[in-house]
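K.L.:
After the structure tokens below, expect a handful of questions from me.
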Amino acid sequence: GTIKIGISACLLGRPVRFNGGHKASQLCMEVLSQHFEFIALCPEQAIGLGTPRPPIRLVGDPQSPRAKGTVNRELDVSEALSAYGQQAAAKLHDICGYILMQKSPSCGMERVKVYQDDGHPAEGGGRGLFAAALMRERPDLPVEEDGRLNDPVLRENFITRIFVYAEWQRLL
Ligand code: SF4
């Protein structure tokens with residue numbers, strides 16, 4: 001059958017972002033969709049944040065940041081996002097890869113802004129909390145960010161890793 005991969009729902013043009021917008025990716029929707037069946041998730045919607053919603057952002061230690069509200073500073077969705085990432089990793093046991101939306105406090109794979117007490121982002125940034133949980137639970141799963149897939153070398157490498165993973169899964 002078709003190989004399934006997970007994807008941040010906003011990359012498929014679904015209007016799920018905090019501002020009601022999306023981040024439609026031509027590459028995902030027109031090219032990669034020919035090779036793979038997408039399973040689309042929006043972690044922020046899934047944990048009960050509506051659309052539109054006040055944005056959240058990462059704060060604190062870049063190695064283990066927390067995800068908190070910007071408008072409502074009391075809002076802390078760190079545990080909810082991590083738990084949802086853990087659940088998704090188990091539930092989507094048959095996915096063979098995942099495409100994440102870059103820079104998101106939930107879905108970003110790397111260099112997501114992590115704000116410090118002085119209001120400035122920490123050097124180097126961190127990882128979104130859904131992505132962190134998914135990658136912790138499924139350390140062998142091929143994962144990439146949409147932005148990096150515009151690089152043909154990284155893209156080919158990612159696609160190869162997905163096929164290798166799919167083969168390996170079928171052998172288990
Ligand atoms: Fe939802 Fe992730 Fe896209 Fe944000 S980046 S809108 S949490 S799918």
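The values are calculated or read from the model by the stated rules, or taken from the named source; none is laboratory data. Computed from a predicted structure; not experimentally measured. Quick reminder, even Gly has a Cβ in these numbers, built from the backbone with ideal geometry, and neighbours come from all protein chains shown.
K.L.:
Quick one: what pairs do we get from the stretch 15-38, first residue in contact (Cβ under 8 Å) with a residue 40 or more places away in the chain, second of a type in the set (Asp, Glu) and within 16 Å of the ligand (Cβ to nearest atom), C-beta under 7 Å, 6+ apart or different chains?
P.N.:
As it stands, the answer is Ser25/Asp146; Cys28/Asp146, since those pairs meet every condition given.
K.L.:
Let me ask another. Scan the stretch 106-139 for residues that are more than 16 Å from the ligand (Cβ to nearest atom), part of a loop (DSSP other than H, G, I, E, B) and more than 20 Å from Leu41 (Cα to Cα) and jot them down.
P.N.:
Gln116, Asp117, Asp118, Gly119, His120, Ala122, Glu123, Gly124
K.L.:
In the stretch 1-14, which residue that is under 17 Å from the mean Cα position of the chain (by Cα) and free of Cβ contacts under 8 Å to residues at least 40 places away in the same chain is farthest from the ligand (Cβ to nearest atom)? Write out each step before concluding.
P.N.:
Keep residues of the stretch 1-14 that are under 17 Å from the mean Cα position of the chain (by Cα), which gives 4-14.
Checking which are free of Cβ contacts under 8 Å to residues at least 40 places away in the same chain leaves us with 9, 12-14.
On the way: Ala9: 5, Leu12: 9, Gly13: 11, Arg14: 8 Å.
That would be Gly13.
K.L.:
Counting only residues that are part of a loop (DSSP other than H, G, I, E, B) and near the ligand (Cβ under 8 Å from one of its atoms), how many does the stretch 23-50 have?
P.N.:
Here is the first cut: in the stretch 23-50, the ones part of a loop (DSSP other than H, G, I, E, B) are 23-25, 35, 42, 47-50.
Then drop every residue that is not near the ligand (Cβ under 8 Å from one of its atoms), which leaves 23, 42.
Looking only at that region, the number is 2.
K.L.:
Shifting gears a bit: Of (1) assigned to a loop (DSSP other than H, G, I, E, B); (2) out of contact with any helix residue (DSSP H, G or I) (no Cβ under 7 Å at 6 or more places or on another chain); (3) crowded, with 16+ Cβ neighbours inside 10 Å, Cys10 satisfies all except one. Which?
P.N.:
Against the list (1) assigned to a loop (DSSP other than H, G, I, E, B); (2) out of contact with any helix residue (DSSP H, G or I) (no Cβ under 7 Å at 6 or more places or on another chain); (3) crowded, with 16+ Cβ neighbours inside 10 Å, Cys10 comes up short only on (1).
K.L.:
Of all residues in the stretch 60-81, which are at pLDDT below 95 and either closer than 17 Å to Gly124 by Cα or among the hydrophobic types (A, V, I, L, M, F, W, C) (or both)?
P.N.:
Listed by number, the list holds a single entry, Val71.
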